[in-house]
1. About the Cα centre, and with charges only on the beta carbon of Lys, Arg (+1) and Asp, Glu (-1), how big is the dipole of the stretch 127-231? Nearest 20 debye, please.
2. Within the P(r) computed for the stretch 92-231, what percentage of the Cα pairs occupies the region above 17 Å?
3. Measuring from label point to label point, each 7 Å out along Cα→Cβ, what is the Asn145 to Ala120 span in nm?
4. Taking Cα centroids, how far is the stretch 1-71 from the stretch 76-119 in Å?
5. Given 10 °C and 1.306 mPa s, compute D for the stretch 49-110 with the Stokes-Einstein relation, Rh being the Kirkwood radius over Cα pairs; round to the nearest whole µm²/s.
6. Can you give me the % of accessible surface on the stretch 96-161 that is carbon or sulfur? Probe 1.4 Å, all protein chains present, nothing else counted.
7. Can you put Met147, Met157, Met202, Met1 in order of accessible area, largest first, using a 1.4 Å probe?
8. How large is the charge dipole for the chain, taken about the Cα centre, if only the Cβ atoms of Lys, Arg (+1) and Asp, Glu (-1) carry charge, to the nearest 20 debye?
Amino acid sequence: MISSPEQQAVDAAITSRRSIRAFLPTPLAREDIEQILQVAARAPSGTNVQPWRVHVLTGAAKEELSRRILAAYHDPLQAATHTEPYAYYPRQWVAPYIDRRRKVGWDLYALLGLTREDKAGMAAQHGRNYAFFDAPVGLIFTIDNIMEQGSWLDYGMFLQNIMVAARGRGLDTCPQAAFTQYHRIISEYLRLPDNETVVCGMALGYADLSKIENTLVTERVPVAEFVKFAE
């Protein structure tokens, strides 16, 4: 099959998407952010309920949320009181998932020169999540507690649309489940109603390609390993 320019553009946006962990301070125009979110909102959702709610943070607002979360993160007693509102990962890890998880973690730490013994260095790197990896835009996503698993599936497609639309504009992202641990701080700061749950965060901006961590490209298993055809 001969690929069309449209196919090439879409494929390039999808396959070039990576989780970027260091951003340039270059600001983004509000209209560009709004356009990305408007495009992403074309994601499918069961009976068109559109369960996504987005909080866009820039400038002082973003810095203040980061400051509050990092204050709790760096205080072991405080950090211990914060837990995730939902289980993102399995409660019991098994192969091959645990192997993939470990590999991406150690591949990143190896690039940064962090060894298994350097707990402080690893903690500092993880803490960079809460500064949105210095991206100029931080996104916090929430959902109404009444929604069930189907709406969460829809939400994932909305998030993917944001990341692909960003790549189509030469921008990069990092989806961040790390924010869920501090959902109480986020809820208080954003004055969320009691019926809303934090889904995740996301950094948005231009990648700093001079940073070694942004050379990480995670592996994907071949189609033959996860697909079965019935004919």
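1. Details: 8 positive and 13 negative charges, 58 e Å.
About 280 debye.
2. Values: 6971 of 9730 pairs.
Result: 72 percent of Cα pairs exceed 17 Å.
3. In this crude spin-label approximation the distance works out to 4.1 nm.
4. That distance is 24 Å.
5. On the way: Rh = 15.4 Å.
Answer from the Stokes-Einstein relation: 103 µm²/s.
6. 57
7. Working: Met147 55, Met157 80, Met202 0, Met1 220 Å².
The residues order as Met1, Met157, Met147, Met202, largest area first.
8. 380
The values are calculated or read from the model by the stated rules, or taken from the named source; none is laboratory data. These figures come from a predicted structure and were not determined experimentally. Cβ: placed from backbone, ideal geometry, glycine included. Neighbour counts: every protein chain shown. In case anyone asks, the SASA skips ligands and DNA or RNA and just uses the protein heavy atoms, side chains included. Shrake-Rupley method; radii C 1.70, N 1.55, O 1.52, S 1.80 Å.
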